[in-house]
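Report on the following structure.
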Amino acid sequence: MTLRLARSDDADRILEMMSAFYAESDMPLDRGQARAALATLTADPALGRLWTIQPGNALAGYIAVTFGFSLEYLGRDAFIDDFYIEPPHRGRGLGNSVLEIVESECRALGVRALHLEVGRGNAAGQSLYRKRGFRDNDRQLLSLRLGPESRDASRQDASAKKR
């Protein structure tokens, strides 16, 4: 199994997998904005890393790790933003192997803490992450979208409440 840094020519294939992943998770995906975000991440290593997952010659998934900084963890931290393995490749230990490599890469990059979020109903993912040492920190992740699309969604929510 190989993790390879994603290149610009991987974008179409990664976008296909992102579409499948986001559909599984019941999350919207704007392919144009996703393509731009992929290009930004792959062009600027200070932001993080995007790797393709290859258990042979074929692409079987991808993992995106983005960097931050934490006073609590006393330095650079990182967030596994997206982690997707195509269904035919699941349940074979590939996820564990990917995380082992990513953890090693993050340590080498000076990352002091690695975070992720997992769906409440994703028992397989939770089991994998707990086996790798990830722990619930008894906090709840809250998010606020700040981009232009967030204003449109807020207006739609307000309009729906008025009806």
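Take the alpha carbon gyration tensor of segment 2-162, find the square roots of its eigenvalues, order them as a ≥ b ≥ c, and report rounded if a/c is under 1.5; if not, report prolate when a/b exceeds b/c, else oblate. Since a/c stays below 1.5, the shape of segment 2-162 is classed as rounded. Database remark: amide H of R92 closer than 5 angstrom to no amide H (H placed geometrically; neighbours at sequence offset of 5 or more, or on other chains; Pro and chain starts carry no H).
Were the residues from D81 through Q33 laid out at 0.36 nm apart, the gain over their Cα-Cα distance would be 15.7 nm.
Calculated mean residue ellipticity, 222 nm, the chain: -13000 deg cm²/dmol, from DSSP H runs (n ≥ 4) at -39500 (n - 2.57) each, averaged per residue and rounded to 500.
When S143, S97 are arranged by Cβ crowding within 10 Å, least crowded first, meaning fewest neighbours, the order is S143, S97.
Sort I85, I53, I101 by Cβ crowding within 10 Å, fewest neighbours at the top.
So the residues, fewest neighbours to most, are I101, I85, I53.
Listing S8, S70 from fewest to most neighbouring C-beta atoms within 10 Å gives S8, S70.
I want to check the label-to-label distance for L146 and A123. Put each point 7 Å from Cα in the C-beta direction and report it in nm to one decimal. With each label placed 7 Å out from Cα toward Cβ, I get 3.9 nm.
Figure the gain on full extension for S25 and A108 (residue separation times 0.36 nm, minus the Cα-Cα span) and round it to one decimal in nm.
The span from S25 to A108 would gain 26.8 nm if fully extended.
Once C-alpha pairs closer than 8 Å and six or more residues apart are averaged by separation and normalised to the residue number of segment 1-149, the relative contact order reads 19 percent.
FYI, it's all coordinate maths here, none of it is from the lab. Since this is a predicted model, take the numbers as computed values, not measurements. Cβ coordinates were reconstructed from backbone atoms using ideal geometry, including for glycine residues, and neighbour counts include every protein chain displayed.
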